[in-house]
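The values are calculated or read from the model by the stated rules, or taken from the named source; none is laboratory data. From a predicted model like this one, the values you see are computed outputs, not experimental measurements. All Cβ positions, even for glycine, are placed from backbone atoms using ideal geometry, and neighbour counts span all protein chains on display. Remember, those area values only see protein heavy atoms, side chains included, never the ligands or the DNA or RNA. Shrake-Rupley method; radii C 1.70, N 1.55, O 1.52, S 1.80 Å.
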Amino acid sequence: MTDPAASLSPRVPALAALLFFIPVVVSFAVAPGMWWINYPGILFHLAIFLLVSKLDAPEWARAAGYGWILLDVTTGVMTMGNVAHNIAYFERYGGHIFAGIWFVTVSLPGSRAVRITGVLAGALLFSYSFVTRFVPAVALSATSPLILIWLGLVAWQNGVRRVTASRSTAALGATQAPALAGDRL
């Protein structure tokens with residue numbers, strides 16, 4: 001069977017995830033705790049679901065990415081069904097351990113900007129899961145802008161590594177080089 005997402009570049013799910021995550025981040029300041037925010041939140045995670053397979057990572061890191069998605073989507077559905085915050089959110093924080101592993105692993109071989117934002121976001125997600133009983137949730141808020149920047153970088157670079165025109169020209173050959181030179185995104 002042919003994979004219908006095989007022809008997608010990393011840019012497509014990264015942009016989709018970015019667009020779905022913006023209202024979630026804005027809601028933290030404007031309308032915290034609103035039930036409807038789970039819908040774009042779930043769509044954000046489903047876009048990340050497609051992105052996991054598009055970025056180079058060992059199988060165990062991809063499994064961590066998929067585990068994060070599974071737990072966070074489940075938590076979103078649980079909160080839409082009025083499951084108590086003190087139950088649902090600890091499942092989410094458990095998923096954030098896997099999110100941290102995935103972010104760090106896929107970001108390490110990336111460009112400097114991807115490495116910095118991805119490793120910081122991953123480390124914060126991972127670490128906060130272990131101190132959530134003692135540290136207020138506002139400590140986790142720094143991850144949101146980092147993830148937005150990281151997704152923007154992944155979309156802009158069409159992956160975690162910036163492909164320079166000279167590297168691309170050498171790989172494609174001289175006949176396709178003029179078309180590539182005009183493609184900056």
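Consider Ala61 carefully, then state whether it is of a type in the set (A, V, I, L, M) and open to solvent by less than 30 Å² (accessible area, probe 1.4 Å).
Against the criterion (of a type in the set (A, V, I, L, M) and open to solvent by less than 30 Å² (accessible area, probe 1.4 Å)), Ala61 qualifies.
For the range 144-179, what are the residues that are modelled with pLDDT under 50 and open to solvent by 30 Å² or more (accessible area, probe 1.4 Å)?
Across the range 144-179, the qualifying residues are Ala165, Ser166, Arg167, Thr169, Ala170, Ala171, Leu172, Ala174, Thr175, Gln176, Pro178, Ala179.
Suppose we keep only residues that are out of contact with any helix residue (DSSP H, G or I) (no Cβ under 8 Å at 6 or more places or on another chain) and among the charged types (D, E, K, R) within the range 102-143. Which one would you say is most open to solvent (accessible area, probe 1.4 Å)?
For the range 102-143, the residue satisfying everything is Arg133.
Considering Leu51, Leu8, which residue is of a type in the set (A, V, I, L, M), open to solvent by less than 60 Å² (accessible area, probe 1.4 Å) and outside any helix (DSSP H, G or I)?
Details: Leu51 fails: outside any helix (DSSP H, G or I).
Leu8 is the lone residue from the list that is of a type in the set (A, V, I, L, M), open to solvent by less than 60 Å² (accessible area, probe 1.4 Å) and outside any helix (DSSP H, G or I).
Give the number of residues within the range 25-38 that are free of Cβ contacts under 8 Å to residues at least 24 places away in the same chain and part of a helix (DSSP H, G or I).
Number of matching residues: 6.
For Ile97, indicate whether it is at pLDDT 95 or above, within 12 Å of the chain's Cα centre (by Cα) and open to solvent by less than 50 Å² (accessible area, probe 1.4 Å). Give the steps one after another, and end with the answer.
On the way: at pLDDT 95 or above: yes; within 12 Å of the chain's Cα centre (by Cα): no; open to solvent by less than 50 Å² (accessible area, probe 1.4 Å): yes.
In short, no.
Which pairs have Cβ atoms under 6 Å, sit 6 or more apart or on different chains, and link a residue in the range 142-162 that is hydroxyl-bearing (Ser, Thr, Tyr) to one that is surrounded by fewer than 23 Cβ atoms within 10 Å (Cβ to Cβ)?
Thr143/Leu124; Ser144/Val25
Going through Ile37, Ile22 one at a time, which residue ends up being hydrophobic (A, V, I, L, M, F, W, C) and buried (at least 17 other Cβ atoms within 10 Å of the Cβ)? Quick ask: steps written out before the conclusion?
Working: Ile22 fails: buried (at least 17 other Cβ atoms within 10 Å of the Cβ).
It is Ile37.
Please specify each residue of the range 75-94 satisfying the condition of being surrounded by 14 or more Cβ atoms within 10 Å (Cβ to Cβ) and among the small types (Gly, Ala, Ser).
Within the range 75-94, Gly76, Ala88, Gly94 meet the criteria.
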